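Here the structure comes first, spelled out in structure tokens, and everything after it is commentary.
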Amino acid sequence: WLGQLPNLKRVHGYLAPIHSYADALQGVALEVFTLQIPFEHEDFVASHEEYEFADPLERLLSSASATLQSLDLHGHHLLGIDAFPRALRDCRLLRKLDLDKCEIQVLPEWIGELPLVVLDLTANYGLEDLPLSMQSCRTLRLIKLRLTCLSGPYAPSFEADDEDENSLEGRVCLLTQEGTMPLEEVSTEELNRRRAALMAISRALPDLRLELHHAVRGGRCVCWCVGDKGDAGGDPQYAGQTIDPLDPHWAMELASDSESDSDAESEHEMACGPLLAAAFEPLEQTFHYNRNELADDVKQSLLDLDDETAAACVQAFFDALQQGPITMETGLSPVDWLRARIAEAN
């Protein structure tokens, strides 16, 4: 009966076996599909042998290829290029792709053909490189690369009973193919390889931000691009300097927000469409404009627009901020600039 719901646009299949409903969704114009294995159920191994998701997913993506805008496969193992759904290549409206913790070591070359805005590759520990084709993906604004072999330095935190790891507690480390290592013990060849890969895609795509760094206890994810100048998190000695993505200063820990603050934010989360949500991610990561903290009239005005137009307004806002201080150029505050842009779109 799922296929008889005329307005069905989003399906969230948390732990629900996809083979039980994929065929029922044939012909449905899906825009958002989530096939996610939550962290608390990661013992549920999503392999081809134990959990058949590949063929049903292939059929579902083939059916929704003309409409799908956001796909989340968090926790599903995509070991090798052949494990990637072939139909994914035909999803020509796909703006957001979440491949967090998918055991990816190599991405298919054709992934750069997709019109992605946000690509999440977090916690694919063996991923060492990005396809050359991604340097031509002009729509890309954010790639999440934490906990990969392209990520930057961080200060790991371990449970008290992790005796084997306690020697790394509080030290600046880097994730490598050999495991988590103190930064000073990582070979020059590895540092040069990683730096070159990051520089290449950042120079090719000046509007792209790379999420490379985090502070485990601080909960802060830091975005970087090759032209960045700044204070690297608060130290005045770095002010105005171009920041190396592998500089150990990125691993400094910041005070964490309280859990109650996080819970309160989630309760008042702005209900964005998939394109608008994808447009907001680089804005939030780079300039810390939280969608949920925008003025109520701005949020409502965005939600009154269709998803594509609202996303274009937020993307224009991001592009304007990238070019320099909006107030100096226009005399408007950043939020008033966004208000004006939304008014033009109406």
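The values are calculated or read from the model by the stated rules, or taken from the named source; none is laboratory data. Predicted, not measured: the structure shown is a model, and the values here were computed from it. Here the Cβ is made from the backbone with ideal geometry for all residues, glycine too, and neighbour counts use every protein chain on show. Side chains are part of the model used for accessible areas, which takes the heavy atoms of the whole protein and leaves out ligands, DNA and RNA. Shrake-Rupley method; radii C 1.70, N 1.55, O 1.52, S 1.80 Å.
Scanning the stretch 9-24 for residues that are exposed (fewer than 14 other Cβ atoms within 10 Å of the Cβ), out of contact with any His (no Cβ under 7 Å at 6 or more places or on another chain) and in a loop (DSSP other than H, G, I, E, B) turns up TYR14, ALA16, PRO17. PRO156 versus (1) under 27 Å from GLY75 (Cβ atoms); (2) modelled with pLDDT of 90 or more; (3) in contact with a Ser or Thr (Cβ under 7 Å, 6 or more places away or on another chain): which is the lone unmet condition? Failed condition: (2). The residue of the stretch 75-84 that is nearest to GLU31 (Cα to Cα), among those that are in a loop (DSSP other than H, G, I, E, B) and modelled with pLDDT under 90, is GLY75. Looking only at residues in the stretch 25-71 that are farther than 26 Å from GLY273 by Cα, outside any loop (DSSP other than H, G, I, E, B) and open to solvent by less than 70 Å² (accessible area, probe 1.4 Å), the one that is modelled with the highest pLDDT is ALA54. Looking at the stretch 291-315, which of its residues are open to solvent by less than 40 Å² (accessible area, probe 1.4 Å) and in a loop (DSSP other than H, G, I, E, B)? Matches in the stretch 291-315: LEU294, ALA295, LEU305. Within the stretch 93-104, residues that are closer than 17 Å to PRO282 by Cβ and part of a strand (DSSP E or B) reach partners that are open to solvent by 10 Å² or more (accessible area, probe 1.4 Å) and not aliphatic (A, V, I, L, M) with beta carbons closer than 6 Å, at six or more positions or on different chains, in the pairs LYS96/SER70; ASP98/ASP72; ASP98/HIS74; ASP98/ASP120.
In the set (1) modelled with pLDDT under 85; (2) surrounded by 21 or more Cβ atoms within 10 Å (Cβ to Cβ), the condition left unmet by LEU88 is number (1). Cβ-Cβ contacts under 7 Å between residues 6 or more apart (or on different chains), taken from a first residue in the stretch 275-298 that is of a type in the set (Asp, Glu) to a second residue that is open to solvent by less than 20 Å² (accessible area, probe 1.4 Å), are listed as GLU281/VAL118; GLU281/LEU142. If the condition is being at pLDDT 90 or above, closer than 20 Å to ALA251 by Cβ and of a type in the set (Lys, Arg), then the stretch 162-205 contributes ARG193, ARG194, ARG195. Within the stretch 118-137, the set of residues being outside any loop (DSSP other than H, G, I, E, B) and crowded, with 21+ Cβ neighbours inside 10 Å comprises VAL118, LEU119, ASP120, MET134.
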